[in-house]
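Accompanying notes for the structure given below.
Please treat every number below as a calculation from the coordinates, not as lab data. This is a predicted model, so every value here is computed, not measured. Positions of Cβ are backbone-derived with ideal geometry, glycine not excepted, and every protein chain shown enters the neighbour counts.
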């Protein structure tokens, strides 16, 4: 509930892609909707575990701890993860979910021989 109203009463506050997609297209900005199943699968997150997503975001973005430290910051963490997957999704021309780096693979690649 937002502002004490039920979700159906708040429908007018929801921004749908159809509203801003034409403007983004006219400006030649790359745009693609990334479904929850795609970004969660890419990061090996299961189901609706919002706390797991927040913990994962803390691992990926330790410098943003002050922004993700509360359990109430779950939506902010999910937004960061969607952006993270989206960057790789657009930059690598729609990679397979296995190609998105995870914190474990990032540290393994940067390790000294």
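A few remarks follow.
- Peptides 76-89, 59-72, 22-35 ordered by average Cβ neighbours within 10 Å, highest first: 76-89, 59-72, 22-35
- Here the alpha carbons of segment 18-63 define both size measures, Rg and Dmax, at 14.7, 37 Å.
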